[in-house]
1. What does the charge count around residue 173 come to, taking other residues whose C-beta lies under 12 Å from its C-beta (Lys +1, Arg +1, Asp -1, Glu -1)?
2. How far is helix 365-378 tilted, in degrees, relative to the longest principal axis of the Cα atoms in the chain, given as a value from 0 to 90 rounded to the nearest 10?
3. Enumerate the lysines that residue 306 could reach by cross-link, defined here as Cα to Cα under 18 Å, with residues fewer than 8 away along the same chain left out.
4. Rounding to the nearest 10 and keeping the result within 0 to 90°, find how far the Cα-based axis of helix 583-595 lies from the longest principal axis of the chain.
5. Within the set of other residues whose C-beta is less than 14 Å from the C-beta of residue 536, count the net charge using Lys and Arg as +1 and Asp and Glu as -1.
6. Give me the extension gain from residue 415 to residue 133: residue separation times 0.36 nm, minus the current Cα-Cα distance, reported in nm with one decimal.
7. Return the percentage of antiparallel bridges among DSSP beta bridges fully within the chain, rounded to the nearest 5 %.
8. Less than 13 Å Cβ to Cβ from residue 554, Lys/Arg counted +1 and Asp/Glu -1: what total charge do the surrounding residues give?
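Here, each number is a calculation from the coordinates, and none is a lab measurement. Everything numeric in this text was worked out from a predicted model, so none of it was measured. Using ideal geometry, Cβ is built from the backbone for each residue, glycine included, and neighbour counts are taken over all protein chains shown.
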Amino acid sequence: MKALILNSGLGSRMGVLTDERPKCMTAITSKDTILSRQLRLLADGGIKEVVMTTGAFSGLLVSYCRSLDLPLNITFVKNPVFDKTNYIYSIYCAREYLRDEDIILMHGDLVFENTVFDDVAASEASCMTVSSALDLPEKDFKAVVADGRVQKVGIEFFNDAMAAQPLYKLLKDDWNKWLDAIIAYCESGDEAKKKCYAENALNEIADKNITVLDFEKRLCAEIDTPEDLAVVSAKLKEIGNRTVYMCFSTDMIHSGHIAIIKKAKRLGRLIIGVLSDEAVCSYKRFPLLPFSERKAIFENISGVWKVVEQKELSYKANLEQFRPDYVVHGDDWREGFQKPIRDEVSSVLASYGGQLVEFPYSNDEKYRELENRARSDMSMPDMRRGRLRKAIAMKGIITAIEAHSGLTGLIAENTVVYQDGGARQFDAMWVSSLCDSTAKGKPDIELVDMTSRFRTIDDIMEVTTKPVIFDGDTGGLTEHFVYTVRTLERMGVSMVIIEDKTGLKKNSLFGTEVKQTQASIPDFCEKIRAGKRAQKTADFMICARIESLILEKGMDDALERAFAFTDAGADAVMIHSRKTDPAEIFEFVEKFREKDNETPVVVVPSSFNTVREEEFKERGVNVVIYANQLTRTGFPAMQNAAKLILENHRAKECDDICMPFRDIIRLIPEE
Ligand code: SPV
Ligand code: MG
């Protein structure tokens, strides 16, 4: 597609402004002339070839265009009789460069918004720009329109007419017809036909096939007089101050993002909101790059005016602060879980007259590929191990659910609930000793040996990417624990939790109903120290689990242990209770936080299960583990199925509580 710019006119109505230079070189902003702006928009819009007709000050015009140094190949054609003819003759002079091309035709004194140009360039049919929002001008072009098509163009038509501007897109066949009519006019021997508008020749074509492109109130105007110049300059100033807002959660910039950024920045100065790490986690997956790095990437994309943090999925706070003229987004959020966010954006924009611009969402193949690669990278030990520590730092509080097999791992990995425009999912998995033992039909007494426990971890890790917290029971003998630490660390486990018990450990939920012995503080500290010395990376965490409340040893004992264990190097403490009332847990956290505001606190609210995560967070808890719910729901469901079959001597009655065949065979996706 070529652009044809008509610059042969004298521009005599501009007065002194055109005494020494052509009209198109009139300054319209502090950095642009009419021409430099046109050429810049053409280059930005992907045009490479320009044909420009010239007349007066031809040499000056040519050197000016060269000085702009734009990626455009400009062919200059001088109309030798520019002062005795009109632009119809200039087009005639340039005809050899114009045949058999799609053409964007514009007068050299036309100033338009880039979105008007974009619409013209993107039009699939030949079109002329008209406005349904403007009054018919007395002296300028009007287009007679019927059925959305241009019938006639001229200054003399008022009936069924619309205000029109000489900015056209002409597809090759339509343009060839017009060009032939122009040639016929100029070769007719009638001098008057070299002095009329090129549109006079157009009007003679029966089947013009030119649609109308309505620019409504957007800027698209010719500058004929100093008054026009003042109006257009003022409008450009207002356009120059427009701002556009977009929000990004991505940590992988690809060509699709660049394309939408390019489009957005044509609407105004582009403000990019980078979603906080916490919000990204709640929206999709753990960000591969932290907020500061994602922000730096956007700050270095050309044409981005400002980069700000968007703390929440909701745009509200930033829209109210920056009041952008436009918000740009893909149209994918019209449906699905992001719809509430979109609805809120629409209503905030409506409150101050902003506009939502939605571009078609492209489900980019490249992006899916990158995303899949990122996911598989995230499952690798080095990538997985450190993510727990980072997630705690990012979110303040994280949640983990029990997994004891590949299948329960998949549930922990993939279960998502959409709520308030966000996606809720578990951050990590808990490889519980209780559930791992139960799945094997064994008691939770450290009977299932470490080799078997590692096998469970391996099964889970093979099909997931989320961080793993391992229930290490008592950690065993210190001499054994150091090897456990190294193995877990090598596998990519993020945290081992060991409890301060010794001898034959029984599950804590028995409390004092069974004999359980708490380890001495010095012995347990020594185990922690040995474990910390054994680990190779800074990522791996050892969490000390305090059993004082379970064994009814009192709050002071619990706190004394917590501080001793952190002094010994524990990366986190877990406080456990089997009471339904969370009071003692709250008391512990409050007292612990009085002295230690850093060390993560872990809770397992199996009994005190009425407390919501938000409250735990407020009170200073960092990790909430749902330790056994998958096993406890799975077991009765399976038992019920077995009973139904026995009772009915067949499986039919059990079908209602069964997953359909089509779902079970698709439950595990093939690679
Ligand atoms: C487990 O899940 O194995 C635990 C937590 O250690 S609890 O069962 O509450 O002791
Ligand atoms: Mg356990």
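1. -2
2. Here the helix axis deviates by roughly 20 degrees.
3. Here the lysines satisfying the reach criterion relative to residue 306 are 262, 263, 265, 295, 316.
4. Rounded to the nearest ten degrees, it is 70.
5. So the environment of residue 536 carries a net charge of +2.
6. 96.4 nm
7. Here the antiparallel bridges make up roughly 30 percent for the chain.
8. On the way: positive: 553, 561, 591; negative: 547, 552, 556, 557, 560, 584, 587.
Every neighbour counted, the sum reads -4.
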